[in-house]
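First comes the structure, then the notes that go with it.
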Amino acid sequence: TNVPVQSFRLEDWNGCREQLESVRNQWLSLQSEDQTPAVPPDSAPPLANGSNGLVFRTNGPALCEEIRIRPEFPGGITILEKNRWLRDVVLRIYWDDLAQPSVETPLGDFFCNGVRPRAFRSMVMSYSGGEYVCRWPMPFRRSMRLELENQGTIPVPLTLRGRLRPLPEATAPASYFQACWNQTSNPGRPHEILQFAGNGYYVGCYLVAIGMDGSWNMLESD
């Protein structure tokens with residue numbers, strides 16, 4: 001409160017030109033194809049229905065800087081089947097051999113494509129040209145294990161690439177990247193987004209709202 005906000009003035013442009021050009025160049029660089037080596041395996045066999053496949057595992061300490069996943073949908077698949085596949089495939093990531101995954105969410109929802117494929121681009125997440133990209137920095141000490149489970153009926157081949165940066169032992173991370181998914185269908189009751197105890201940083205959520213009566217009436221509220 002009581003924090004003044006300075007209005008934009010054209011004469012201030014020259015004073016911040018260097019910073020603005022730096023931000024602009026970073027955004028433009030997101031459109032270029034990264035040529036860094038992939039985390040093996042680069043390609044996985046078709047993710048059959050009901051299968052739980054180990055996509056890759058690697059040792060640390062390291063920082064996972066990028067994950068790219070490209071589904072190669074078979075010919076003849078309908079739009080509705082493709083949309084359903086995004087919710088049927090579950091992404092799980094385990095850090096340092098923990099028994100429970102720190103990331104457990106449908107693949108589409110993790111990449112902000114929960115209902116259907118929608119192209120977008122941001123610094124940390126994007127979907128463009130049929131490829132899902134995550135650039136959240138994800139550090140770990142001993143190991144990283146990424147799994148995908150197909151809870152649907154359509155087997156789909158996947159191409160996966162990742163980018164890792166080794167970390168010195170002395171700078172091993174003190175916290176982990178985490179993501180979860182939940183849904184409710186209780187009209188008139190609040191939807192719980194997050195409940196936790198301990199230290200950490202909350203970076204946001206991706207919300208999908210669908211009217212129970214097939215309309216947009218859920219937006220008619222205070």
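The values are calculated or read from the model by the stated rules, or taken from the named source; none is laboratory data. As the structure is a computational prediction, the values presented were derived from the model and not from experiment. Backbone-built Cβ (ideal geometry, glycine too); neighbour counts: all protein chains shown. All accessible areas refer to the heavy atoms of the entire protein, side chains included, with ligands and DNA or RNA removed. Shrake-Rupley method; radii C 1.70, N 1.55, O 1.52, S 1.80 Å.
Observations on the model:
- Check on residue 118, open to solvent by 60 Å² or more (accessible area, probe 1.4 Å) and over 16 Å from the mean Cα position of the chain (by Cα): no
- Set 165, 87, 116: member being under 18 Å from residue 208 (Cβ atoms) and either in contact with a strand residue (DSSP E or B) (Cβ under 6 Å, 6 or more places away or on another chain) or among the aromatic types (Phe, Trp, Tyr) (or both): 87
- Test: residue in segment 87-95 that is among the basic types (Lys, Arg), within 17 Å of residue 182 (Cα to Cα) and open to solvent by 60 Å² or more (accessible area, probe 1.4 Å): yes
- Every pair of residues 6+ apart whose Cβ atoms lie under 6 Å, when the first sits in segment 7-24 and is within 26 Å of residue 123 (Cβ to Cβ) while the second is open to solvent by less than 90 Å² (accessible area, probe 1.4 Å) and in a helix (DSSP H, G or I): none
- Some residue of segment 19-42 being surrounded by 10 or more Cβ atoms within 10 Å (Cβ to Cβ), at pLDDT 65 or above and under 19 Å from residue 103 (Cα atoms): no
- Looking across 149, 81, one residue alone is assigned to a strand (DSSP E or B) and open to solvent by 10 Å² or more (accessible area, probe 1.4 Å). It is 149.
- Scan segment 131-145 for residues that are open to solvent by 10 Å² or more (accessible area, probe 1.4 Å) and closer than 10 Å to residue 69 by Cβ and the total you get is 1.
- Scope segment 73-122; condition of a type in the set (Ser, Thr, Tyr) and modelled with pLDDT under 90; matching residues: 122
- Output for segment 165-183, where each listed residue is at pLDDT below 85 and of a type in the set (S, T, N, Q): 171, 175
- Matching residues in segment 152-168 - criterion: being open to solvent by less than 50 Å² (accessible area, probe 1.4 Å) and of a type in the set (S, T, N, Q): 159
- Residues that are surrounded by 15 or more Cβ atoms within 10 Å (Cβ to Cβ) and not in a strand (DSSP E or B), drawn from segment 57-72: 60, 61
- Each residue in segment 53-76 was checked for being under 16 Å from residue 158 (Cα atoms), in contact with a strand residue (DSSP E or B) (Cβ under 8 Å, 6 or more places away or on another chain) and of a type outside the set (D, E, K, R), and 9 pass.
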